[in-house]
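Q: Here's a structure for you.
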Amino acid sequence: MERQPLFIGDKLNASKCNDCGNVRFPWMDYCYKCQSTNISEYLVGPKGKLMSYTISYSKPYVGKIKPPYAYAVARFPTDNGHIDVFGAIDSQEPFDDIKINGSVKLIPDKLLVKFKMGDD
Amino acid sequence: MRNVAVVGAGVFPFGRHHDLLYVEMGRPAVNEAIEDAGIDRKEIQSCYIGTTGGVGVGHEILYETGIIGIPISRVENACVSGSNAFRLAWMDVALGLSDISLVIGIEKMKDSSMADVAGGMGRLKLEMKAIAKNPSVANFGLMGPPGYFALAAHRHMAEFGTTKEELASVTVKSRQNAHNNPKAEYQNIMTVDDVLNDKMINPPLTRSQCCPKTDGAAAIIIMSEELAKKYTDTPVWVKGSGLTSSIITDLLSNLSAMPNVKSSRTAYDMAKLEPNDFFKNGFAEVHDCFSISEILHYEDFGWCKKGEGPKMINDGITQIDGDFPVNPSGGLLSCGHPLGATGVRQIAEVLYQMRKDKEVAKRQVPDENLNVALTHTMGQPMLGFTSCVNIFSRDL
Ligand SMILES: [Zn+2]
């Protein structure tokens, strides 16, 4: 399987199963629900909703983010529902800008999914 | 399948044992279980040991306890290892391959990181070159063990108005019970304020809302119905078991953990019980790895509606003197959580409680609640997500 980038432009590089409609991120060349390999590129975002967050005071296992850092789950609409995506939030102590149910926007990156709060 | 009974148990005190080898914690637990069961150790025909970090220690413990030349299997399934080892031993005896089986759970955690103990660091080393290039995996490197539950806690608060005081109350209940458990790592009484003012780990979870990394061991003896009737008047019967696979990506903002729902349903069906059958009739030892976890389990196991978990705590329903005592031992939050040992310790607690042993006199569950019991562990082996539920009864 070819490695695929996380982002295409400012959108997440997800995939959609043409047989059952399942959308998954990150991209995969098969569908875990129906085992189909009839898969299309499907772009998600860049605007979504913050479902939850927390803050880590120690360094991550992977990546070069300095603690403390915030990470989150954000929800992005698809044409048949939504997908929830995990990633880091671009924010600084005291993290007052982070609001659950608030709008988030994707920040393209090579290794990690990142969000920022707000509509733009 | 044959009926299987739990007949003996031994628990080596959970806590800080820097100077002890695995075998030095495991041997006393096994000897205590053998003595409790009243069997000759030569009658043990198989052994299953749950441990994530204890490579080879099962063989050492068997040798040092004079149990030599029997089949032994090491079971690694993150925090579910002990419950999983028990499940395999139960299957072994139920199938008739062994008449008596020994289950051991053991872990040493104080001197290393969770990722070292659970094998995560080992796997990262083996796979590092591939992972660094593969964004689908790298992203989860952001999240430490409490991360998933911290996210779930904030979402529960936003969706249902759950308060941080309600979360802290889970720890308060845990410590009240552990205060009467000399084998628990933390036995001190805590107030809601004590819990909330503790060091912040991952908001909203403070340190005492996260189970500690602990050293400890537990062992149990199980046997066929025929032998159990010979050895004891107070067997505890295995009535159901469920074990479920998944991966964490499905579960991040969903406040229901599918493996918990599925494992409990499988075990309920096998035991011919429903969630309501535990009220004024049973008790449980659940995987309270974090304060929010216990609340989510109440909901996933069908003991209340989604969002109403905090009410179970507020109304005192799950206290020892409530309608449905949960974690009379103090659970993982206070006993500590030596990964492989936890699931076996929970079953020891069920045996002690149902027999009304002196061991649990000060934390004894009321008579009316001694008919059925449920034990539960869940774990996150790297990107995996798993859950094991076992159900027991006092009468066959
Ligand atoms: Zn499909």
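Q: Would you mind finding the one in A:88, A:14 that is at the interface with chain B (Cβ under 9 Å from one of its Cβ atoms) and closer than 20 Å to residue B:248 by Cβ?
A: None of the others qualify; the one that does is A:88.
Q: Restricting attention to the stretch B:259-280, which residues are touching a helix residue (DSSP H, G or I) at 6+ places or on another chain (Cβ under 7 Å) and more than 23 Å from residue B:293 (Cβ to Cβ)?
A: Selection gives B:280 alone.
Q: Give the residues of the stretch B:1-22 that are buried (at least 22 other Cβ atoms within 10 Å of the Cβ) and among the hydrophobic types (A, V, I, L, M, F, W, C), sorted by residue number.
A: Going through the stretch B:1-22, the residues buried (at least 22 other Cβ atoms within 10 Å of the Cβ) turn out to be B:4-12, B:14, B:22.
Scanning the stretch B:1-22 gives B:4, B:5, B:6, B:7, B:9, B:11, B:12, B:14.
Q: May I pose another question? Tell me the residue from A:83, A:98, A:55 that is more than 9 Å from chain B (Cβ to nearest Cβ) and in a strand (DSSP E or B), please.
A: Values: A:98 fails: in a strand (DSSP E or B); A:55 fails: more than 9 Å from chain B (Cβ to nearest Cβ).
Every option except A:83 fails the conditions.
Q: Please determine whether any residue of the stretch A:36-46 is surrounded by 15 or more Cβ atoms within 10 Å (Cβ to Cβ), assigned to a strand (DSSP E or B), modelled with pLDDT of 95 or more and within 16 Å of the ligand (Cβ to nearest atom).
A: Within the stretch A:36-46, one or more residues are surrounded by 15 or more Cβ atoms within 10 Å (Cβ to Cβ), assigned to a strand (DSSP E or B), modelled with pLDDT of 95 or more and within 16 Å of the ligand (Cβ to nearest atom).
Q: For the stretch A:58-80, which positions are more than 10 Å from chain B (Cβ to nearest Cβ), outside any loop (DSSP other than H, G, I, E, B) and either within 16 Å of the ligand (Cβ to nearest atom) or crowded, with 16+ Cβ neighbours inside 10 Å (or both)?
A: Once the filter is applied, which keeps residues that are more than 10 Å from chain B (Cβ to nearest Cβ), outside any loop (DSSP other than H, G, I, E, B) and either within 16 Å of the ligand (Cβ to nearest atom) or crowded, with 16+ Cβ neighbours inside 10 Å (or both), the stretch A:58-80 yields A:76, A:78.
Q: Within the stretch A:17-33, how many residues are assigned to a loop (DSSP other than H, G, I, E, B), within 18 Å of the chain's Cα centre (by Cα) and at the interface with chain B (Cβ under 10 Å from one of its Cβ atoms)?
A: Of the residues in that region, 4 qualify.
Q: Give the stretch B:338-369 a look and list any residue that's more than 19 Å from the chain's Cα centre (by Cα) and in contact (Cβ under 8 Å) with a residue 60 or more places away in the chain, or say none.
A: B:355, B:362, B:368, B:369
The values are calculated or read from the model by the stated rules, or taken from the named source; none is laboratory data. Please read these numbers as outputs of a predicted model, since none were measured by experiment. Neighbour counts run over all protein chains shown; Cβ positions are idealised from the backbone, glycine included.
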